[in-house]
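Rule-based calculations on the coordinates, nothing more; no lab input. Since we're looking at a predicted model, the values are computed, not measured. In this analysis, Cβ positions are derived from the backbone assuming ideal geometry, glycine residues included, and neighbour counts consider all displayed protein chains.
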Amino acid sequence: MSATVVTAVAPLTTQDAEALIEAARGAAEAAGVTAAVTVLDAGGHLLAFRRDDRAVLITGETSTRKACTALQLNAPTADLGDAVQPGGLFHTLPTALDRPLLFIAGGVPLHRDSRLIGAIGVGGGAPDQDHGFASAAVESLNR
């Protein structure tokens, strides 16, 4: 019998989460978008949240739901829209679970050493903008 070696992966920290928030907000601000940003750890627990004072209130909910969806399915929400359309693999998923899922671009899973460590969600701009802001934040963390 061979032993399986499990390597520990550093979890997402509050410092990481704050850096993600700042990077996403900076990208949104540069584009003239008021946004909310949510960062969840691998267990789906809130690590950081920030909503621009001028962002509409619902952006807080959408950013959190996007992060939750990206985490639960380990995929960017931008890649999941077709899967929830009639006939899609996850067509009934949004109503089948008691989870706050949202299949709109702006949620991105976070990985370290190929392991899922959390997710970020951004709400406030157009879906493609939110995805871009979240992706820019993830890229900044991985540098």
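How would you order 103-113, 37-47, 3-13, 78-88 from highest to lowest mean count of nearby Cβ atoms within 10 Å?
Packing proxy ranking, top to bottom: 103-113, 37-47, 78-88, 3-13.
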Neighbour cut-off at most 14 other Cβ (10 Å), DSSP loop, trypsin sites (Lys or Arg not before Pro), region 32-106:
54
Rounded to the nearest 500, the 222 nm mean residue ellipticity computed for the chain from DSSP H runs (n ≥ 4, each -39500 (n - 2.57)) alone is -11500 deg cm²/dmol
Nitroxide proxy distance, nm - points 7 Å out along Cα→Cβ at residue 52 and residue 7:
3.9
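Please give the contour-minus-distance gain from residue 91 to residue 114: 0.36 nm per residue of separation, less the Cα-Cα distance, rounded to one decimal in nm. Let's see the in-between values first.
Details: separation 23, 0.36 × 23 = 8.28 nm, distance 2.79 nm.
Here the answer is 5.5 nm.
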Report which label in (1) 42, 36, 35; (2) 49, 37, 30; (3) 60, 40, 22 holds the value of Cα extents along the principal axes in Å derived from the coordinates of this structure.
(3)
